[in-house]
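Peer 1: This structure is in structure tokens; I'll ask about it shortly.
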Amino acid sequence: MKKIKVLIIGDGVTAYYFLWVLSHSVKTVQLDVIWISSNRVFPRVDPNIWPLITLNGIQEGINALGDNLYSSFQKFEDVQMQFPFAKKVNQYCIVDEQDQKSFGKFMRRHGKSYNLELNNNVFKGTSLNSYFVKPFEFFKSVESSIKKHSLISIKTINKLVVGLEETKSRYRVKFSCGEFMDTSNLFVFSGIGSKFLSTNFLHYSKTHRHQVSKGSVFQIKFKLSKDLPFVLTSDKDNIIYDGRGIIQTNLSPDSRNSFLYSSFRTIYGDLFDGRDFQKYFGLRDKGKKRLPLVSVENEPERFMASISGLYKNAWTIGLREVIDIANIWMRRV
Ligand SMILES: Cc1cc2nc3c(=O)[nH]c(=O)nc-3n(C[C@H](O)[C@H](O)[C@H](O)COP(=O)(O)OP(=O)(O)OC[C@H]3O[C@@H](n4cnc5c(N)ncnc54)[C@H](O)[C@@H]3O)c2cc1C
């Protein structure tokens, strides 16, 4: 059987998505994967943070990002039908109809509003089907399917990559310790490290502009009598209930009088009665106009692909990009 050596840089969601796709599609070749990351220098986004995969506020035909998110969401749903790994939830988007500015914005975004009954309380709003993921659980399931896969072997390396070079027929990955590795199959999913790598990799710097953006969420233990997960949303702020006694929100506790927190209080109870708000944060790589930064170099002798700049949308856009890249690559191996 043909043996192929593959180098993957990054152990965030993009790399896990790629390994997940490989675990489903590798059937006729033997893959030896070298998996490189350096979380001390470039920490991946904290896997305690649950991403929300939603079409809230997204429409087709307005701009490139909206179109991308729309089609990526469809792809995400297709994947969930076949290989579910996310929790499907009702997302209740509510609006304060007394606040004319917010209500006008809501109507422009959603086109209509109707009465939503939540625990015997009526709100103006709309509801959608969305998804959220607990990354640690997903990462563990990917690791275990790879371990069980008879054709894929993985070696993890914790080293800082300081340079990517092109040799005549291969790529050279250079480490801070002075060592290097050559490969003809390179996958770079390096999140906020991409900006640093781009200064050392001409191929990147031609097209890629990166910006680092910090984001945080809070998680609170809060058991509701119902065990169905759901999301309560006002504008861009969400409160996710996981159905197992934990709540996550992106809204700072300083906004305790906001419409979202007050509404939650009315419907389900007070999140602020002496509870700990556990904060998690991450650094995100933001591409120009929030669009992903994708490169593919598909040459007879060598193959290189990179995805970065995923900002707030790695779980939606990242999945589609990874599947596209894996399809191109699988055709040649
Ligand atoms: C608060 C918050 C909320 C979010 N909510 C959502 C959401 O609702 N939906 C959604 O889709 N996304 C969301 N995101 C964004 C999403 O989490 C990120 O876009 C995603 O995690 C990026 O994944 P990545 O694999 O591309 O990069 P990262 O997670 O940043 O991982 C990069 C990896 O590359 C490695 N690396 C980088 N440079 C080097 C180097 N030079 N040498 C060796 N290794 C290197 C790092 O060690 C790391 O392992 C959120 C993010 C935050 C912070």
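None of the figures in this text is laboratory data; all of them are computed from the coordinates on show. Worth saying up front: this structure is predicted, and the values here are computed from it rather than measured. Here the Cβ positions follow ideal geometry from the backbone for every residue, glycine too, while neighbour counts run over all protein chains shown.
Peer 1: Quickly work out the residue 213-to-residue 74 label distance, labels modelled 7 Å from Cα along the C-beta direction, and quote it in nm with one decimal.
Peer 2: Taking the two extended label points, one gets 2.5 nm.
Peer 1: Ok, one more. Using 7 Å Cα-to-Cβ label points, what is the residue 278/residue 64 separation (nm, one decimal)?
Peer 2: Distance between label points: 4.0 nm.
Peer 1: Starting at the first residue of segment 42-56, write each ³J(HN,Hα) from the Karplus equation 6.51 cos²θ - 1.76 cosθ + 1.60 with θ = phi - 60°, in whole Hz, x for Gly and Pro.
Peer 2: 10, x, 5, 4, 4, x, 6, 7, 8, x, 9, 10, 8, 9, 4
Peer 1: What ranking of 41, 217 emerges when the number of other C-beta atoms within 10 Å of each C-beta is taken as an exposure proxy, fewest first?
Peer 2: By the 10 Å Cβ count, ascending, the order reads 41, 217.
Peer 1: For segment 280-333, what is the relative contact order in percent, using Cα pairs closer than 8 Å and at least 6 residues apart in sequence? If you can, show how the numbers build up before the last one.
Peer 2: On the way: 60 pairs, mean separation 16.9, N = 54.
Computed value for segment 280-333: 31 percent relative contact order.
Peer 1: How big is segment 158-280 by Rg and Dmax over its Cα atoms, in Å?
Peer 2: Expressed in Å, the Cα Rg and Dmax of segment 158-280 come to 22.6, 66.
Peer 1: Could you pull out every residue, at least 5 positions away or on a different chain, whose amide H is within less than 5 Å of the one on residue 157? Hs are placed 1.01 Å off N in the peptide plane, and Pro or chain starts have none.
Peer 2: Distant-sequence amide H within range of residue 157: 35, 36, 37.
Peer 1: Any idea what log10 I(q)/I(0) is at q = 0.16, 0.17, 0.19 Å⁻¹ for segment 3-54, Debye with uniform C-alpha scatterers and no solvent?
Peer 2: The calculated log intensity ratios at q = 0.16, 0.17, 0.19 Å⁻¹ are -0.59, -0.65, -0.76.
Peer 1: Most fluctuating residue of 87, 155, 223 in a GNM of the chain with Cα springs under 10 Å: which is it?
Peer 2: Judging by the Gaussian network model, the answer is 155.
Peer 1: With runs of 4+ DSSP H residues as the only contributors, calculate the mean residue ellipticity of the chain at 222 nm using -39,500 (n - 2.57) per run, divided by the residue total and rounded to the nearest 500.
Peer 2: Values: 8 runs with 92 residues, N = 333.
The helix-only estimate for the chain comes to -8500 deg cm²/dmol at 222 nm.
Peer 1: Sticking with this structure for a sec: By counting other Cβ atoms within 10 Å of each Cβ, how are 182, 99 ranked from fewest to most? Display every interim value, and only then the final one.
Peer 2: Numbers: 182 15, 99 12.
In order of increasing Cβ crowding within 10 Å: 99, 182.
Peer 1: Given a 10 angstrom Cα cut-off, can you work out which residue in 44, 320, 302 is the most mobile in a GNM of the chain?
Peer 2: Per the Cα network of the chain with a 10 Å cutoff, 302 tops the list.
Peer 1: Given the C-alpha centroids of segment 6-63 and segment 165-201, what is the distance between them in whole angstrom?
Peer 2: Measuring centre to centre over Cα atoms gives 18 Å.
Peer 1: At what distance in nm do the modelled label points of residue 147 and residue 82 sit from each other, each positioned 7 Å from its Cα along Cα→Cβ?
Peer 2: 2.6 nm
Peer 1: Next question, about the same structure. Compare 168, 140, 286 in a GNM of the chain, Cα atoms joined below 10 Å, and give the one with the largest fluctuation.
Peer 2: 168
Peer 1: When only C-alpha pairs under 8 Å and at least 6 residues apart count, what is the relative contact order of the chain, in percent?
Peer 2: Answer for the chain is 23 percent.
Peer 1: Restricting to lysine pairs 8 or more places apart or on different chains, what number in segment 72-139 have Cα atoms under 20 Å apart?
Peer 2: For segment 72-139, the number of qualifying lysine pairs is 9.
Peer 1: Here is a further query. For segment 271-328, what is the per residue volume of the convex hull drawn over the alpha-carbon atoms, in cubic angstrom? Spell out each step's value before the answer.
Peer 2: Details: hull volume 6.8 nm³, N = 58.
Convex hull volume per residue, Cα atoms: 118 Å³.
Peer 1: Measure nothing but the geometry: give the 0 to 90° angle between the long axis through the Cα atoms of 100-110 and the longest principal axis through the Cα atoms of the chain, rounded to 10°.
Peer 2: Approximately 50 degrees, to the nearest ten.
Peer 1: Based on the Cα atoms of segment 144-201, what semi-axes does the equivalent ellipsoid have, where each is the square root of 5 times one gyration tensor eigenvalue, given in whole Å with the largest first?
Peer 2: Value: 24, 15, 12 Å, ordered largest first.
Peer 1: While we're on this one: How many percent of all Cα-Cα pairs in the chain sit more than 33 Å apart? Could you put the intermediate results ahead of the total?
Peer 2: On the way: 17607 of 55278 pairs.
Tail fraction, whole percent: 32.
Peer 1: Here's a follow-up. If neighbour count is taken as other Cβ atoms inside 10 Å, put 330, 81, 181 in order from fewest to most.
Peer 2: 81, 330, 181
Peer 1: Counting just the Cα atoms, what span does segment 208-333 cover along each of its three principal axes? Round to the nearest Å and put the largest first.
Peer 2: Here the spans come out as 63, 30, 23 Å, largest first.
Peer 1: Would you mind calculating the gained length between residue 154 and residue 236 on full extension (0.36 nm times residue separation, minus the Cα-Cα distance), in nm to one decimal? Spell out each step's value before the answer.
Peer 2: Details: separation 82, 0.36 × 82 = 29.52 nm, distance 3.93 nm.
Taking 0.36 nm per residue and subtracting the Cα distance, the gain is 25.6 nm.
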